[in-house]
Amino acid sequence: MTSPLSYRAIATLAWPIVLANASVPLLGLVDTAVIGNVGTVAELGAVALGAVVFSFVFWGFGFLRMGTTGFVAQAAGQRDSAEVRAIAARGLLLALAIGLALLVLQRPIAFVALALLDAAPEVNAHTARYIAVRIWAAPASLATFTVLGVLVGLGRTRPVLVVQLVLNGTNIVLDVLLAGVWRLGVTGIALGTALAEWVAALVALGVLVRVVREEQIDVEPWWPSARLRDRTRAVALLRANGDLMVRTLFLLLGFGWFANRGATFGAALLAANHVLLQLVSTAAYLLDGFAHATEVLVGRAIGRGDAAAFRQVLRRSTVLAAASAFGLAAIALFGGEWAVARLTAMGNVRVAAVQLLPFAATYIAL
């Protein structure tokens, strides 16, 4: 019999998340491939900068996914299904509040982003249009973060895969139609992604309602209004989320600085860096599947007070993730040129990207 904490068990829990995460960078890959083959270098550069902006704007609040997973896993380990619903409700209310705030503040966000990125005027103009359209997906994107956090925390990894496939399937179709067929350029790319995020959010909420009803083993009211008024639990959630937000912002700051420096060397190198970043992001999201599986198993171990299981999960998930990282680095190094050719037809962008492939592979391995 397979041990609950064996390598096989960890991999079994992780693989649907790995596949789901593999679909996440497809948003960027499809955007890049479509505009890289039908648009201009300036438009491809604008999509690159737009992706950086929304890495900050949306993933700066990635704690809605990461923090939710840990708390839900602990509640599941304690068999407290009412608290699972309360955590989901807190996260969704917070996601809605942040999303609406981002819509209200969209003009200053765009102004600051363009001032900091300091790209060429033509690239800036396209980037401004991208931001103006994509920002309207903020409530949907943040709500989806929360729902995925709940599903992963409960170990329901296959519904996570379904939601991501809906998101990316819709995005692919809309990108091809709006930017590829109807030639709406950067505006079409942004609109396609924003609409896809709203569709995915609605599907995710439907899945969440079904799953939490299946998980309910308590007799408390389905909407946990009493628990939502518990200040101690709310403060604990906000404190953990604050730490995660600082960590995420520093990580994104590194990527933002890199994009900014690339922009100063011209649109071609900016576009080449963006193409390579799609390969790096794909590898990172694949490896994140092991991180998500670890969060679930560690959270359950903490909920049960099982220190031995906690240590075992950390050791075995680290081994699996390290082996996978070296494998993905080798694929990027030896298959990267083929991937670059698929992502853009621009000769100068291809040449620059292929020259920098060894650096991308090294980053993935480390």
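Let a ≥ b ≥ c be the square roots of the eigenvalues of the Cα gyration tensor of the stretch 184-270; is it rounded (a/c under 1.5), or, if not, prolate (a/b larger than b/c) or oblate? If you can, show how the numbers build up before the last one.
Working: a/c = 4.35, a/b = 1.71, b/c = 2.55.
Judged from the Cα gyration tensor, the stretch 184-270 comes out oblate (a/c at least 1.5, b/c at or above a/b).
Report relative contact order for the stretch 144-276 in percent, whole number only (criteria: Cα-Cα under 8 Å, sequence separation at least 6). Provide the component values of the computation, followed by the final result.
On the way: 63 pairs, mean separation 25.6, N = 133.
Dividing the mean separation by the residue count of the stretch 144-276 yields 19 percent.
Alpha carbons only, please: Rg and Dmax for the chain, in angstrom.
20.7, 64
For the chain, what are the DSSP H helices with axial Cα length of 15 Å or more and mean Kyte-Doolittle hydropathy of at least 1.6? If you can, show how the numbers build up before the last one.
On the way: long enough: 7-23 (24 Å, 0.97); 26-38 (17 Å, 1.68); 41-57 (24 Å, 2.14); 63-77 (20 Å, 0.69); 81-104 (35 Å, 1.77); 106-117 (16 Å, 1.56); 121-134 (20 Å, -0.32); 138-153 (23 Å, 1.73); 157-175 (27 Å, 0.99); 185-215 (44 Å, 1.30); 231-264 (48 Å, 0.49); 267-304 (54 Å, 0.96); 307-343 (49 Å, 0.99).
Long hydrophobic helices here: 26-38, 41-57, 81-104, 138-153.
For the stretch 182-227, what log10 I(q)/I(0) values come out of the Debye formula at q = 0.18, 0.27, 0.31 1/Å, with one point per alpha carbon and no solvent?
With no solvent term, the Cα-only Debye profile gives -0.67, -0.95, -1.04.
Choose one of Ala307, Leu244, Ser55: the residue whose Cα lies farthest towards the positive end of the charge dipole of the stretch 7-365 (beta-carbon charges +1 Lys, Arg; -1 Asp, Glu; about the Cα centre).
Of the candidates, Ala307 comes out farthest on the positive side.
Can you give the relative contact order of the stretch 7-365 as a percent, counting alpha carbon pairs under 8 Å and 6+ residues apart? Write down the numbers at each step before the final one.
Values: 523 pairs, mean separation 114.6, N = 359.
In percent, rounded to a whole number, it is 32.
Highest GNM mean-square fluctuation, the chain, Cα pairs closer than 10 Å: which of Val173, Val160, Val47?
Val173
What ranking of Trp222, Trp15 emerges when the number of other C-beta atoms within 10 Å of each C-beta is taken as an exposure proxy, fewest first?
On the way: Trp222 11, Trp15 16.
The order, fewest Cβ neighbours first, is Trp222, Trp15.
Arrange the peptides 130-139, 63-72, 315-324 so that the one whose residues have, on average, the most other Cβ atoms within 10 Å appears first.
On the way: 130-139: 22.2, 63-72: 25.9, 315-324: 15.8.
Order by mean packing, descending: 63-72, 130-139, 315-324.
What is the extension gain from Ala101 to Asn37, computed as 0.36 nm multiplied by their sequence separation minus the C-alpha to C-alpha distance, in nm to one decimal? Don't jump to the answer; show the numbers that get you there.
On the way: separation 64, 0.36 × 64 = 23.04 nm, distance 3.54 nm.
Fully extending the segment from Ala101 to Asn37 adds 19.5 nm.
Readers should treat all values here as calculations from the given coordinates under stated rules, not as data from a laboratory. What you are looking at is a predicted structure, and each value in this text was computed from that prediction instead of being measured. Backbone-built Cβ (ideal geometry, glycine too); neighbour counts: all protein chains shown.
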